[in-house]
Amino acid sequence: MTKQRLAPHRVGVLGTGDVGRAFAAGFHSRGHDVMIGSRDSHKPELREWLAGAGAGVKEGTFADAAAHGELLVLAVFGQAAAAAIAAAGPANFTGKVVIDAMNPLDFSGGFPPKLSVSGEDSLGEQVQRALPDAKVVKAFNTIGNPYYVDPSFSGGVPTMLIAGNDAEAKRVVGDVLVDFGWPEPVDIGGIEGSRELEAICIAWVKIGGVRGAWDHGFSLLSG
Ligand SMILES: NC(=O)c1ccc[n+]([C@@H]2O[C@H](COP(=O)([O-])OP(=O)(O)OC[C@H]3O[C@@H](n4cnc5c(N)ncnc54)[C@H](OP(=O)(O)O)[C@@H]3O)[C@@H](O)[C@H]2O)c1
């Protein structure tokens, strides 16, 4: 294996949907000790994944995964973020880098979804407020999960935009991205940048609806 920028870490991934599984498999493929957490580890789909593509990934509750990880990922349904954090135990996040890949999508009005939090707030800020002793970095929320690791696009690699309050935490997330095959991310500033990054997700979903395909990403071009 090529030498990774991020030294071997224990990683806790909270969320067992496509996004949680993409992260867990990606970190495991890069030599990290990964635990994936859920409300119900007996779900047949999860058992099947752990026996196949997820072989080698440990599993547990949200609290088990949060306690296991030195580096944590939040990848649950956006409107369930507060419940997942409460179940995981906020103390388990203390001092840790937390990648927030979530979007606060509200599908109650059909497709396309709206943001359930917007304007002068965002889910990223809510997560940081719920976890004041953690270093939350919004990242990976503007791209489809099949492209998280070893991204391959016919038109070049998109830009990964990140936001967060802690410079060192953003450097760690940059290491993760480079290890996953991405160029250095573009850092748009503090965690309040989640307002824009979550809005970009809505544009991404709308464009997917128009195109009838989900293999697109956004690239920042400069003169
Ligand atoms: N799909 C993508 O490519 C993509 C890309 C970028 C960002 N995102 C964002 O990433 C997040 C995860 O997306 P996803 O597609 O993997 O699946 P998802 O259906 O949004 O989330 C699945 C996860 O949410 C948890 N969950 C659902 N309801 C819950 C509740 N009431 N309390 C606690 N946990 C609950 C589930 O727990 P269990 O494990 O117990 O079932 C599961 O782990 C979302 O915020 C999404 O917007 C998605």
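Name the single residue that is most open to solvent (accessible area, probe 1.4 Å) among those in segment 103-125 being in contact (Cβ under 8 Å) with a residue 40 or more places away in the chain and either closer than 15 Å to Gly15 by Cβ or aromatic (Phe, Trp, Tyr) (or both).
Only one residue fits best here, namely Phe111.
Residues being of a type outside the set (Gly, Ala, Ser), in contact with a strand residue (DSSP E or B) (Cβ under 7 Å, 6 or more places away or on another chain) and assigned to a loop (DSSP other than H, G, I, E, B): count how many of those fall in segment 166-197.
3
Can you tell me which of Gly155, Gly110, Gly144 is on the phi > 0 side of the Ramachandran plot and not aromatic (Phe, Trp, Tyr)?
Being on the phi > 0 side of the Ramachandran plot and not aromatic (Phe, Trp, Tyr) holds for just one of Gly155, Gly110, Gly144, which is Gly110.
Can we say Glu192 is closer than 19 Å to Lys135 by Cα, touching a Ser or Thr at 6+ places or on another chain (Cβ under 6 Å) and modelled with pLDDT of 95 or more?
Judged against the criteria, Glu192 is not a match.
Would you be able to say whether some residue in segment 136-146 is within 15 Å of the ligand (Cβ to nearest atom), open to solvent by 20 Å² or more (accessible area, probe 1.4 Å) and of a type in the set (S, T, N, Q)?
Yes; the residues of segment 136-146 include at least one that is within 15 Å of the ligand (Cβ to nearest atom), open to solvent by 20 Å² or more (accessible area, probe 1.4 Å) and of a type in the set (S, T, N, Q).
Quick check on my filter: what residues within segment 23-34 are buried (at least 24 other Cβ atoms within 10 Å of the Cβ) and more than 13 Å from the ligand (Cβ to nearest atom)?
Correct list: Phe27, Val34.
Please give the helices (runs of 4 or more DSSP H) falling wholly within segment 38-95 in which 2 or more residues are modelled with pLDDT of 95 or more and loosely packed, with under 15 Cβ neighbours inside 10 Å.
Filter on segment 38-95 gives 44-51, 81-88.
Please specify each residue of segment 154-183 satisfying the condition of being closer than 24 Å to Thr2 by Cβ, open to solvent by 40 Å² or more (accessible area, probe 1.4 Å) and among the hydrophobic types (A, V, I, L, M, F, W, C).
Hits for segment 154-183 are Val157, Val178.
Considering only residues that are more than 8 Å from the ligand (Cβ to nearest atom) and either outside any loop (DSSP other than H, G, I, E, B) or β-branched (Val, Ile, Thr) (or both), which ones fall in segment 96-105?
Once the filter is applied, which keeps residues that are more than 8 Å from the ligand (Cβ to nearest atom) and either outside any loop (DSSP other than H, G, I, E, B) or β-branched (Val, Ile, Thr) (or both), segment 96-105 yields Val97, Val98, Ile99, Asp100.
Filter segment 1-22 down to the residues that are closer than 18 Å to Phe93 by Cα and open to solvent by less than 40 Å² (accessible area, probe 1.4 Å), then identify the one that is farthest from the ligand (Cβ to nearest atom).
This residue is Val11.
List every residue pair whose Cβ atoms sit under 7 Å apart, with the two residues 6 or more apart in sequence or on different chains, where the first one lies in segment 195-223 and is in contact (Cβ under 8 Å) with a residue 40 or more places away in the chain and the second, anywhere, is more than 15 Å from the ligand (Cβ to nearest atom) and not in a loop (DSSP other than H, G, I, E, B).
Close Cβ pairs (under 7 Å, with a partner that is more than 15 Å from the ligand (Cβ to nearest atom) and not in a loop (DSSP other than H, G, I, E, B)) amount to Leu220/Val186.
Sort through Ser108, Ser152, Ser118 and tell me the only one that's touching a strand residue (DSSP E or B) at 6+ places or on another chain (Cβ under 9 Å) and assigned to a loop (DSSP other than H, G, I, E, B).
Of Ser108, Ser152, Ser118, the one residue that is touching a strand residue (DSSP E or B) at 6+ places or on another chain (Cβ under 9 Å) and assigned to a loop (DSSP other than H, G, I, E, B) is Ser108.
The values are calculated or read from the model by the stated rules, or taken from the named source; none is laboratory data. Note that the structure is a prediction, hence the values are computed from the model and not measured. Don't worry about glycine lacking a Cβ; one is built from the backbone with ideal geometry, like all the others, and counts go over all protein chains shown. When the accessible area is computed, the model is the full protein with side chains, heavy atoms only, and any ligands, DNA or RNA have been set aside. Shrake-Rupley method; radii C 1.70, N 1.55, O 1.52, S 1.80 Å.
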